[in-house]
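Data block below; observations after.
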Amino acid sequence: MVGGGAGGLELATRLGDKLGRRHLANVTLVDTAARHLWKPLLHEIAAGTMDLGVHELDYLAQAHGTIFSIASAR
């Protein structure tokens, strides 16, 4: 699947759990970034009231626990 936004990440996680663990499919998430940030938080990060490093989700960490792989779109 292309895009690691909220929908793509959720889909990769669910398919990885259901199909990847049982080796019924290879699930790959393709994105230009290595981490996901929930976009509604951008204004708080821009204002300096929230730490970006605390609220980013690393795709590799998520993939490791749910059996999907990551590919860079760059």
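Read the figures in this text as sums done on the coordinates, not as results from a lab. None of these values were measured; they are calculated from a predicted model. Neighbour counts run over all protein chains shown; Cβ positions are idealised from the backbone, glycine included.
Computed from backbone phi with θ = phi - 60° and the Karplus coefficients 6.51, -1.76 and 1.60, the 3J(HN,Hα) list for region 32-37 is 7, 9, 8, 9, 10, 10 Hz; x is used for glycine and proline.
For Thr28, the residues whose modelled amide H falls within less than 5 Å of its own, excluding neighbours fewer than 5 places apart on the same chain, are Ser69. 3J(HN,Hα) along region 44-51, derived from phi through the Karplus expression 6.51 cos²θ - 1.76 cosθ + 1.60 where θ = phi - 60°, amounts to 6, 5, 4, 7, x, 9, 9, 8 Hz, with x in place of Gly and Pro.
Counting only alpha carbon atoms, the long axis of helix 6-15 and the longest principal axis of the chain meet at about 30°. Cβ-Cβ distance of Asp17 and Ile45, R₀ of 35 Å, FRET efficiency by 1/(1 + (r/R0)^6): the value works out to about 0.75.
Here the dipole of the chain is about 360 debye; that uses its Cα centre as origin and unit charges on the Cβ of Lys and Arg (positive) and Asp and Glu (negative). Database remark: amide H of Arg35 closer than 5 angstrom to the amide H of Tyr59 (H placed geometrically; neighbours at sequence offset of 5 or more, or on other chains; Pro and chain starts carry no H).
In plain terms, the C-alpha convex hull of region 6-72 casts an average shadow of 4.5 nm² when viewed from every direction.
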